[in-house]
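For reference, the structure is listed below as structure tokens.
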Amino acid sequence: MQLMNYINGNFCPQASGKWITNLNPATGEEICKVPVSNSKDVKEAINSAKKAYPNWSKNTPHERAMWLDKIANKLEEMFEEIAQLESMDTGKPISLSRSVDANRSVANFRFFSEMIKGMEIEEFEMKDATNYVIQKPIGVGALITPWNLPLYLLSWKVAPAIGMGNTVVCKPSELTPMTADLLMRAVDEIGLPAGVINLVHGNGIETGSSLVEDSDIDFVSFTGGTVTGSKVASSAASSFKKLSLELGGKNSSIVFADCDFEKTIAGVVRSGFLNQGQICLCGSRIFIEEEIYEDFKNSLINAVEEMKIGDPLDEETDLGALISKEHLKKIEYYSNLAIEEGGVLLTGGVPCLPKDFENGNWIAPIIVEGLSYESRCSKEEIFGPMVTLHKFKEESELIKMVNNTRYGLAGSIWTKDIERGRRLSESIETGMIWINTWLHRDLRVPFGGVKDSGVGREGGRWSLGFFSEAMNVCVKQE
Ligand code: TXE
């Protein structure tokens, strides 16, 4: 199977004739060939978005929201196909790709449709004048997405971007292109005006960078690794492109002795290992109050060892495969580093799986203890099924340890003392904190991080703000 770009309402081949082979992470078998688009393809896609912009941006917000509803309806019809493709492409369990990926992809379009329908013009009265603020579209946007939550993250950008009147060129991860292709089939089938959404497949070096560098791109919304984010930021900066960066994380799960023990074990396991730990919000460093440290550690090991690792398409599977051989090597590197840094591996390693999976990218979840909070393993983003355990006594020492990382995306606090949880939240250098829960998302709230975790916020009105330009009109009274 060979994928195609989607430009100006047509599926079309890439100019270069070059391909990347997309492999199934669980089996190592080929799924499809992915086009490597070059600057010529990228320019064509941008020109198509530019051509579509004047008419599309003239639609009323309500008219555009109706298109978002049509896309949501179409995706809902394709729900099971989204789940199957996502599971095959990423190696994640089918139960997860149904409940999270397919579900949220539909929900993102519905949510932004409702938000846009409910938008109001803000007014500021003066003694002798009235100001009103209108949110105008920006122009043509580049939407660049990673491999861990492919359609979930793409739809999170496409819906508010086109809903606010922009036209876009999408560049999904070359490792997981299948559901971006599905989204193009969906918009094609519903007859969305040509050029409003375009898609170029390809790698970062050739396709992604040509897109970001192009002078006809007005804004860039990027989700991916911090190193790539920094490159994207520097190439966008020279022409003052509006920029949103959602980057990596090294998030803490903080467990106090007064927590609800069973619920906290379940929550910390979920936060550490959902999607094989390949979510920027995952809690990969677990700080446990000294008096319950041993009990908590032992229960955590039991809970992790009970998780079922294997066939992503099996309904009972809890943990699937890692995205790629390179990524598996990265996790193996960090698990060796943990030992070099003085840590003890409490569980994890090579799982025993049927022959069908011998060429896949598999590792059983790893728990490490005994590392200093200053070790590389407890500060750097690993982005896989590996967590480090740390003991704490005092709150002041805890804050110092938690903030000792370049990342600042999310975190969770587990305690019955909600006042303490709220107080502590404010001392943590991060964009989001959950108390007694994790990844409990209200789509209206701001999403994003501080420090190396990114620039800007998306979600709810923050997305509407990013994907538009606020313009003030001041009318002097007679
Ligand atoms: O992501 P990249 P990679 C972290 C995680 C992971 C690391 C690297 O730690 O190990 O990042 O992952 C496109 N100009 N996260 O290498 O490279 C690329 O084609 C423009 C956290 O897979 O950041 C893809 O579409 N685009 C993250 C997208 O950027 C470029 C999720 C992301 O790829 C480009 C994934 C360039 N120069 C990984 N280079 C999260 N925040 O959730 C690459 N791309």
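Close amide H partners of VAL450, meaning residues 5 or more places away or on another chain with modelled amide H under 5 Å apart, are GLY408, LEU409, GLY431.
Taking only the alpha carbons of the chain, we obtain Rg and Dmax values of 22.9, 82 Å in that order. Centroid-to-centroid, using Cα positions, segment 133-204 and segment 414-441 are 33 Å apart. Estimated purely from DSSP H runs of n ≥ 4, each contributing -39500 (n - 2.57), the mean residue ellipticity at 222 nm for the chain is -11500 deg cm²/dmol once divided by its residues. Just so you know, the averaged projected area of the alpha carbon convex hull for segment 353-478 sits at 13.9 nm². Please compute the modelled spin-label separation between SER99 and GLU315, points set 7 Å along Cα→Cβ, answer in nm with one decimal. Placing both labels 7 Å along Cα→Cβ, they lie 1.4 nm apart. Extension gain for ARG444 to ASP258 (0.36 nm times residue separation, less C-alpha to C-alpha distance): 63.9 nm.
Full extension of the chain segment joining LYS325 with PHE11 gains 110.0 nm, where the gain is 0.36 nm per residue of separation less the Cα-Cα distance. Karplus-derived 3J(HN,Hα) values for segment 67-80, using 6.51 cos²θ - 1.76 cosθ + 1.60 with θ = phi - 60°, are 5, 4, 4, 5, 5, 4, 4, 5, 5, 4, 4, 9, 3, 5 Hz; glycine and proline are entered as x.
PRE reach from ASP128 (point 7 Å along Cα→Cβ): which of segment 457-478 fall under 18 Å by backbone N? Counting only backbone N, you get 474-478.
Loop-resident GluC sites (Glu not before Pro) (DSSP state other than H, G, I, E or B) in segment 50-125 with no more than 11 further Cβ atoms inside 10 Å of their Cβ: GLU120.
Amide H contacts for GLY139 (H built 1.01 Å from N in the peptide plane; partners 5 or more residues away or on another chain; cut-off under 5 Å): THR167. Applying a DSSP loop filter and a limit of 13 other Cβ atoms within 10 Å to the GluC sites (Glu not before Pro) in segment 352-391 leaves GLU358, GLU374. In this structure, the amide hydrogen of GLY195, modeled 1.01 Å from its nitrogen in the peptide plane, lies closer than 5 angstrom to those of ASN8, GLY9, counting only residues at least 5 positions away or on a different chain.
Compared with the dominant Cα axis of the chain, that is its longest principal axis, helix 325-340 is turned about 40°. When you count the other C-beta atoms within 10 angstrom of each residue and take the mean per peptide, 182-194, 398-410, 345-357 line up highest first as 398-410, 182-194, 345-357.
Taken about its Cα centre, the chain carries a charge dipole of about 1420 debye when Lys and Arg each add +1 at the Cβ and Asp and Glu each add -1 at the Cβ. Our estimate of slack between ILE418 and ARG185, defined as 0.36 nm per intervening residue step minus the Cα-Cα distance, is 79.2 nm. Please check which bits of segment 366-405 a label hung off VAL344 would reach, taking the label as a point 7 Å along Cα-to-C-beta and the cut-off as backbone N under 12 Å. Under cut-off, by backbone N: 368-371.
Working note: Karplus 6.51/-1.76/1.60 with θ = phi - 60° gives segment 400-412 the couplings 4, 5, 5, 7, 7, 8, 6, 8, x, 9, 8, x, 9 Hz, where Gly and Pro are set to x.
Placing dummy labels 7 Å off each Cα toward the beta-carbon, the span from VAL455 to MET119 is 2.4 nm. Peptides 289-298, 150-159, ordered by how many other C-beta atoms sit within 10 Å of their residues on average, highest first, read 150-159, 289-298. Segment 408-468 gives an Rg/Rh value of 1.02, both radii derived from C-alpha positions and Rh following Kirkwood. Rounded to the nearest 10 degrees, the angle from helix 178-190 to the longest Cα principal axis of the chain is 30 degrees.
Relative to the dominant Cα principal axis of the chain, helix 150-163 is inclined by about 30°. In order along segment 298-306, the Karplus-derived 3J(HN,Hα) couplings, from 6.51 cos²θ - 1.76 cosθ + 1.60 at θ = phi - 60°, round to 5, 5, 5, 4, 4, 5, 5, 5, 7 Hz, and Gly and Pro are given as x.
Every read-out reported here was derived from the displayed coordinates using simple, explicitly stated rules and does not represent laboratory data. Because the structure is a prediction, the values reported are computed rather than measured. Backbone-built Cβ (ideal geometry, glycine too); neighbour counts: all protein chains shown.
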